[in-house]
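Have a look at the structure below, then the notes.
Every number in this text was worked out from the coordinates using simple rules, so none of it is lab data. Being a predicted model, the structure only gives us computed values, none of them experimental. Cβ atoms come from the backbone with ideal geometry, glycine included; neighbour counts cover every protein chain shown.
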Amino acid sequence: MRVQSGRIESICVFCGSSSGRRRAYSDAASAMGRELAERNISVVYGGARDGLMGAVADAALAAGGRVTGVIPAHLAHQEVPHQHLTELCVVDSMHERKTLMSKLSDGFVTMPGGFGTLDETFEALTWSQLGIQVKPVGLLNVEGYFDPLLSFLDHAAGEGLLRARDRWFLVVAETAGELLDRLSGFEAPRGDAPVELPNP
């Protein structure tokens, strides 16, 4: 049995508070923000002004989109809050941040980032795996940034430590439009029937 996700009206974007070394990362972040706004999909993200996070927000706002930021009070001096968002929610902890972002979103998009980005992504995937929520999780693989991670996940499934069907919870694409199209048609696997690994 497969459980289909509902209509996507808001997407939570996980990505770096830094811009990274490649211009392609910032370009992809801006493209994602514009694409979400053009599809009338609200953006939920970590609330920062700078880095890839800021690029997503700036592009979405410039295209007339709605953007909600969620930032813990203790991070406000590290991740400078964006001052021109539709809404900025200041919370008490990282856990509260992730919980609220999930509550406000119909799905998730992960872009290049570090520990925080991976933490948020894998928590969303784990919640889907456990049935706590049925929301699609998409990964934008900009210039192969996530290739090593995808190889590891395939390795984990091959070693029997990640069920092949659970590997399907992560939707992968190389462009914003393609990823959002795939997320809109996402169906989450359920049951114990064997499932082949998805193509990267």
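Any idea what the dipole of segment 83-174 comes to, in debye rounded to 20, about its Cα centre with Lys/Arg Cβ at +1 and Asp/Glu Cβ at -1? Don't jump to the answer; show the numbers that get you there.
Values: 7 positive and 13 negative charges, 63 e Å.
For this selection, approximately 300 debye.
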Item checked: Percent of C-alpha pairs per 10 Å bin, segment 13-184, short to long -> 11, 41, 37, 11, 1
Check: Given a Förster distance of 22 angstrom, what is the FRET efficiency for S93 paired with L130, based on the Cβ-Cβ distance and rounded to 0.05?
Finding: 0.55
Next item on the list: Tell me what the chain gives for mean residue ellipticity at 222 nm when only DSSP H runs of n ≥ 4 count, each as -39,500 (n - 2.57), the sum divided by the residue total, rounded to 500 deg cm²/dmol.
Entry: -12000 deg cm²/dmol
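Tell me, what is the percent relative contact order of segment 40-174, built from C-alpha pairs under 8 Å that lie six or more residues apart? Intermediate values should be presented prior to the final figure.
Details: 181 pairs, mean separation 24.2, N = 135.
This gives 18 percent for segment 40-174.
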Next item on the list: Taking DSSP loops as anything outside H, G, I, E and B, show the longest stretch in the chain free of GluC sites (Glu not before Pro) there with at most 10 other beta carbons within 10 Å.
Entry: 1-158
